[in-house]
Structure formats: structure tokens, C-alpha cells
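What follows is calculated from the coordinates using simple rules that are stated; it is not laboratory data. Note that this is a predicted model, so its numbers are computed, not measured. With ideal geometry, Cβ positions are generated from the backbone for all residues, glycine too; neighbour counts draw on all protein chains shown.
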Amino acid sequence: MSFIKKIFGSKEEKKSPTDKQPATPPPPEPQPIQINEVSPHELKTRLDNGDKLIVVDMRQGWEYQSGHIPGAKNIFLQEIPARIGELPKDIDIVFQCWSGLTSLDASGFLIQNGWDSTRVFSLRGGIGGWTTTFGPAGLVKD
């Protein structure tokens, strides 16, 4: 209620307590989205084993070209909504950004748009975590 209405009241007709309508219950709270993270070691093991998965490098093209995880597909963060059709629902998807924070958001976006949360992952620590773990030799250039 605004300050003016508190002081001067409202021009609306006052209702008696018997005129009250039953209160509508508030909508249910949305359930939090569970986002799975994968460590650099876990991702490398899956890649080395030939597991069927897609690594999506969300960095800008020049960052991707300077070095990326072997086999990663470059889809810049802002392009994901327009290119969402390129991401299959029946294969695990690992999002990777620089630090591992933006990839959490991208993972949540995919889950909110119908992907199974058990098939969507964020790389913990991002490419920074990957290079800390495996060094520059863990990256490839196309």
C-alpha cells in the first residue's frame, strides 16, 4: 500500500468483514534445479574411454581457437538459445566456460528447456580448472 493511501485512505468502498473473499493460496514454489558438475579428471576419463558425450565450449571464438578441450564444440554463450537444436537430448552434454560459473547457468537453461538433468553437466573450474589440472598440453588447437 502506498504512503498516500496509508495516510488518507483509499476512495474504494470499505468492505465489511463479512464481504471478504476467501484468500487464494500462493502458487507453489518452483523446485530448485539440480545441476551436476564433472571434474576435469572425470571428464578426461570419459573422453579417454570414448564415452558418447558433447563438450560445449561457451567461450568466444578467438578463445576457443587459442586452445580447447579435445573434441569440444564451440557455441558462444549468447548463441545457445538460437542453437539449442544442435544439442541432442539423448547424449550427455558438458558445458565449459572459463571459470565454471557461466556453464552452471547454461546447464540450468538446458534443463529448464526439457533436457534431462542427469544428462547435463558443468565442468567444475571451467577451462581454467582443466589447464591447471592438465597444463597447456591438455588443450588442442584446430
Within the stretch 26-38, the residues that are in contact with a helix residue (DSSP H, G or I) (Cβ under 8 Å, 6 or more places away or on another chain) and of a type in the set (S, T, N, Q) are Gln34, Asn36
Going by the structure shown, is Pro70 exposed (fewer than 15 other Cβ atoms within 10 Å of the Cβ), in contact (Cβ under 8 Å) with a residue 60 or more places away in the chain, not basic (Lys, Arg) and not in a helix (DSSP H, G or I)?
yes
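Taking the criterion of being loosely packed, with under 15 Cβ neighbours inside 10 Å and within 18 Å of Ala137 (Cα to Cα), would at least one residue in the stretch 48-55 satisfy it? Even if it seems obvious, please write down each step before you answer.
Taking the stretch 48-55 and keeping what is loosely packed, with under 15 Cβ neighbours inside 10 Å, we get 48-52.
From the residues that got through so far, the ones that are within 18 Å of Ala137 (Cα to Cα) too are 48.
Yes, the stretch 48-55 has at least one match.
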Taking the stretch 84-101 as the search range and keeping residues that are among the aliphatic types (A, V, I, L, M) and exposed (fewer than 14 other Cβ atoms within 10 Å of the Cβ), which one is farthest from the chain's Cα centre (by Cα)?
Ile91
Need pairs with beta-carbon distance below 6 Å; first residue free of Cβ contacts under 8 Å to residues at least 60 places away in the same chain and within the stretch 115-141, second assigned to a strand (DSSP E or B); sequence gap 6+ or separate chains.
Arg119/Asp92; Gly126/Gln96
Show the residue pairs meeting these rules: Cβ distance below 7 Å; 6+ apart or different chains; first residue within the stretch 24-41 and charged (D, E, K, R); second residue assigned to a strand (DSSP E or B).
Glu37/Phe121; Glu37/Ser122
Condition (residue is at negative phi, buried (at least 19 other Cβ atoms within 10 Å of the Cβ) and among the small types (Gly, Ala, Ser)) applied to the stretch 112-120: is it met by at least one residue?
no
